[in-house]
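Asks: Take this structure first; my questions come after.
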Amino acid sequence: MVSHANAEVDTDVVVVGAGPTGLTLAIELARRRVGVRILDRNPADFYPGTRGNGLQPRTLEVFHDLGIIDPILATGQEYPPVQVYFGGSPVYQGHTQRRSEPTPDVPYPVPIVQPQWRTERILRERLAGLGVAVEHDAEMVGFDQDDDGVTVSTAAGSSIRARFMVGADGGRSGVRKALGVGFTGTTRPAERLLLGDVTVPGMRRDVWQVWLDPVDKRVRASIWPVAGTDYFRMSAPITADDTPDLTLEGFQRLLTERTHRRDLTVTTLAAPTDYRVSMRLADRYRVGRVFLAGDAAHVHSPAGSQGLNTGVQDAYNLGWKLARVLAGAPDALLDTYEAERRPVAEQAIGLSTELLDDKQAEPDDRTLQLGLSYRDGPLAAGGRGGDRAPDAPCHTADGTSTSLFDVFRGTSPTLLCLERPGEVPEGVSDAVRAYRVGVDLLDPDGHLRAAYGDSGYVLVRPDGYIGVDTRSADEVAAYLTAI
Ligand SMILES: Cc1cc2nc3c(=O)[nH]c(=O)nc-3n(C[C@H](O)[C@H](O)[C@H](O)COP(=O)(O)OP(=O)(O)OC[C@H]3O[C@@H](n4cnc5c(N)ncnc54)[C@H](O)[C@@H]3O)c2cc1C
């Protein structure tokens, strides 16, 4: 390993890859005033396609905190009803997702469909608002690390020196390969799809259309209207032996054959892909000063829409930890990233494989990712430590309506002091926002106390999980020192 210990540091963190994972991480760092550069080998006008298009409720909560929930909801839509055909004949129309209304603790109960390119655009705009632009046409081609930092080389011949590097560079991650980290799992050659974004004048936009084989009930084609555009996402399974035809004519042929509709014409094709399903998990998420996140660390089937969501939440877990360690917290905090997130990826791989293998299975509440918990992890203390911190409508001291998610929004932990009368324990540092329930936060409708109880302290981490749930003020102070 080359030593660069004396080299000048250009930035705190280099993020390789500006997909949803890298962009979320860069926002998390930039809003904490951590120096960050984010590189992507694609040009600025690259069109990634619709790809990961289901945003799960937990991800919507993350986007609430990041300040982008409004454009996400304004441009996305709930899952449209599905129209199923056997051969060419319509047989069923209905909903694939259970209808749910918001509740005091769950403000975003249902997934939102949003093409990946638009989610990325909204994330990029938020990042630009924080003064950071993605560096396009900037391929990482190698790196060296030493005790003090990482030196990253780009294809254009420049080198960047940083304290840490994060490989958010997708399933074929060059960072992971260069680290020599294994990617354990399988690829299923028989699970193969042709995917592309198409325009088809005259095609229905009010439903998601799925054509099944009347004999074996297997999906033959799926056409999904992409909200706010003229596009449909078309997917059609092919066999392991097929030679994929990624041209417009190839997609036209598949559309006519599989839907039995001779009247439909494909007029545009974008982002055609020959997609093979793999289920793989990185053996490690950290090697020294280099981390893996998103698809670089885990890949699985699209069933259940877990991929993009798991990547965004990796970044949300890692961002605040990197910022705190750069500000002087113990380095061991960074080891908790793998300890907390690798088991979550294992669950996501298991769930998406289960949904892929059991074609009759309906996505259940596990796909929403609201029940994910770090309860058995290294940062969980006390009763509900590690669980997701629920929302609750409440009022500020002057009677203005707010919600806990608005109170939590931002970059520091939040301490809820639930004792009556409320008291902030001594020794709690300025780095935490402390609220006495009943004094600084009012709970006229009882939602806050219904969710959090009426005694002790609950410390909510910057990523919206309960850190410590305790009656002991000393335990709160000790926890804050550890993070
Ligand atoms: C065809 C397809 C369909 C999918 N469908 C679904 C779905 O329906 N639901 C779902 O949840 N998920 C789906 N996924 C998965 C989802 O798209 C991914 O989980 C998601 O994109 C992961 O985000 P990421 O940021 O981790 O990686 P990516 O989005 O892959 O981003 C990685 C970025 O790194 C850049 N990069 C790579 N190497 C370098 C380098 N050396 N230097 C600089 N930059 C580099 C790439 O250009 C890219 O922009 C699909 C994926 C594909 C490919």
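Matching residues to (1) hydroxyl-bearing (Ser, Thr, Tyr); (2) out of contact with any strand residue (DSSP E or B) (no Cβ under 7 Å at 6 or more places or on another chain); (3) at pLDDT 95 or above; (4) more than 30 Å from Tyr452 (Cβ to Cβ):
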{"site": "Gly94", "(1), (2), (3), (4)": "no, no, no, yes"}
{"site": "Arg98", "(1), (2), (3), (4)": "no, yes, no, no"}
{"site": "Val113", "(1), (2), (3), (4)": "no, no, no, yes"}
{"site": "Arg118", "(1), (2), (3), (4)": "no, yes, yes, yes"}
{"site": "Leu123", "(1), (2), (3), (4)": "no, yes, yes, yes"}
{"site": "Leu130", "(1), (2), (3), (4)": "no, yes, yes, yes"}
{"site": "Asp137", "(1), (2), (3), (4)": "no, yes, yes, yes"}
{"site": "Asp147", "(1), (2), (3), (4)": "no, yes, yes, yes"}
{"site": "Thr154", "(1), (2), (3), (4)": "yes, no, yes, yes"}
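Asks: I'm trying to understand the selection: among the residues of the range 314-345, which are of a type in the set (Gly, Ala, Ser) and in contact (Cβ under 8 Å) with a residue 12 or more places away in the chain?
Replies: The answer is Ala315, Gly319, Ala323, Ala329, Ala339, Ala345.
Asks: Determine whether Leu39 is under 12 Å from the mean Cα position of the chain (by Cα) and modelled with pLDDT of 95 or more.
Replies: For Leu39, the condition - under 12 Å from the mean Cα position of the chain (by Cα) and modelled with pLDDT of 95 or more - is not met.
Asks: Scan the range 248-257 and give yes if some residue there is away from the ligand (no atom under 16 Å from the Cβ), buried (at least 21 other Cβ atoms within 10 Å of the Cβ), of a type in the set (A, V, I, L, M) and over 30 Å from Leu318 (Cβ atoms), otherwise no.
Replies: Yes - at least one qualifying residue is present in the range 248-257.
Asks: Look through the range 97-139, keep the residues that are acidic (Asp, Glu), within 15 Å of the ligand (Cβ to nearest atom) and not in a loop (DSSP other than H, G, I, E, B), and return whichever of them is surrounded by the most Cβ atoms within 10 Å (Cβ to Cβ).
Replies: The extreme case among them is Glu120.
Asks: Please state which of the following conditions Ala332 fails to meet, knowing it meets all the rest: (1) within 26 Å of Leu123 (Cβ to Cβ); (2) assigned by TED's automatic domain parsing to the domain that holds Arg51.
Replies: Just one mismatch for Ala332, condition (1).
Asks: Checking the condition in contact (Cβ under 8 Å) with a residue 60 or more places away in the chain and not assigned by TED's automatic domain parsing to the domain that holds Ile27, which residue from Asp469, Asp474 passes?
Replies: Step by step, each of Asp469, Asp474 is checked, and only Asp469 is in contact (Cβ under 8 Å) with a residue 60 or more places away in the chain and not assigned by TED's automatic domain parsing to the domain that holds Ile27.
Asks: Taking strands (runs of 3 or more DSSP E) that do not extend beyond the range 1-88, which have at least 2 residues that are closer than 30 Å to Arg218 by Cβ?
Replies: Per the criteria, 82-86.
Asks: Still on this structure, I have one more. Considering only the range 278-297, how many residues are within 17 Å of Leu23 (Cα to Cα), part of a strand (DSSP E or B) and within 12 Å of the ligand (Cβ to nearest atom)?
Replies: 1
Asks: Which of the numbered conditions does Ile68 fail, given that it passes all the others? Conditions: (1) of a type in the set (Val, Ile, Thr); (2) over 26 Å from Ser235 (Cα atoms); (3) more than 16 Å from the ligand (Cβ to nearest atom).
Replies: (3)
Asks: Just to be sure before I move on: is Ala303 in the same structural domain as Ala26 (by TED's automatic domain parsing), away from the ligand (no atom under 12 Å from the Cβ) and in a loop (DSSP other than H, G, I, E, B) in the structure I sent?
Replies: Values: in the same structural domain as Ala26 (by TED's automatic domain parsing): yes; away from the ligand (no atom under 12 Å from the Cβ): no; in a loop (DSSP other than H, G, I, E, B): yes.
It is false that Ala303 is in the same structural domain as Ala26 (by TED's automatic domain parsing), away from the ligand (no atom under 12 Å from the Cβ) and in a loop (DSSP other than H, G, I, E, B).
Asks: Tally time: how many residues in the range 28-38 are among the hydrophobic types (A, V, I, L, M, F, W, C) and either under 14 Å from Asn317 (Cβ atoms) or free of Cβ contacts under 8 Å to residues at least 60 places away in the same chain (or both)?
Replies: Total satisfying the criteria: 1.
Asks: Name the pairs whose Cβ atoms lie under 7 Å apart, with the first residue in the range 39-53 and within 22 Å of Gly157 (Cα to Cα) and near the ligand (Cβ under 10 Å from one of its atoms), the second part of a loop (DSSP other than H, G, I, E, B) and among the aliphatic types (A, V, I, L, M), and 6 or more positions between them or separate chains?
Replies: The qualifying pairs are Leu39/Ala138; Asp40/Ala18; Asp40/Val134; Asp40/Ala138; Arg41/Ala138.
Asks: Considering the range 159-185 alone, what residues qualify as being surrounded by fewer than 20 Cβ atoms within 10 Å (Cβ to Cβ) and either closer than 18 Å to Gly35 by Cα or modelled with pLDDT under 95 (or both)?
Replies: Ser159, Arg161, Arg163
Asks: For the condition at pLDDT 95 or above and in contact with a His (Cβ under 7 Å, 6 or more places away or on another chain), what is the one hit in Thr247, Thr265, Thr310?
Replies: After ruling out the rest, the residue left standing is Thr310.
Asks: Across the range 140-158, what is the number of residues that are surrounded by fewer than 20 Cβ atoms within 10 Å (Cβ to Cβ) and either more than 14 Å from the ligand (Cβ to nearest atom) or assigned to a loop (DSSP other than H, G, I, E, B) (or both)?
Replies: Counting residues in the range 140-158 that are surrounded by fewer than 20 Cβ atoms within 10 Å (Cβ to Cβ) and either more than 14 Å from the ligand (Cβ to nearest atom) or assigned to a loop (DSSP other than H, G, I, E, B) (or both) gives 8.
Asks: Scan the range 84-99 and tell me whether some residue there is touching a Gly at 6+ places or on another chain (Cβ under 7 Å) and touching a residue at least 60 places away in the same chain (Cβ under 8 Å).
Replies: no
For every residue, the table says whether it meets (1) more than 28 Å from Ile483 (Cβ to Cβ); (2) more than 16 Å from the chain's Cα centre (by Cα).
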| position | (1), (2) |
| --- | --- |
| Met279 | yes, yes |
| Ser305 | yes, no |
| Leu318 | no, no |
| Lys321 | no, yes |
| Ala332 | no, yes |
| Ala339 | no, yes |
| Gly371 | no, no |
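Asks: Filter the range 286-326 down to residues that are of a type in the set (D, E, K, R) and under 10 Å from Tyr337 (Cβ atoms) and give me whichever is surrounded by the fewest Cβ atoms within 10 Å (Cβ to Cβ).
Replies: Of the range 286-326, the ones of a type in the set (D, E, K, R) are 286, 289, 295, 314, 321, 324.
Still in the running and under 10 Å from Tyr337 (Cβ atoms): 286, 314, 321.
On the way: Arg286: 19, Asp314: 30, Lys321: 23.
Looking at the filtered set, the residue picked out is Arg286.
Asks: Out of the residues in the range 167-204 meeting the condition of being within 13 Å of Ala282 (Cβ to Cβ) and assigned to a strand (DSSP E or B), tell me which one is nearest to the ligand (Cβ to nearest atom).
Replies: Only one residue fits best here, namely Gly167.
The values are calculated or read from the model by the stated rules, or taken from the named source; none is laboratory data. Quick caveat, the model's predicted, so the values are computed rather than measured. Quick reminder, even Gly has a Cβ in these numbers, built from the backbone with ideal geometry, and neighbours come from all protein chains shown.
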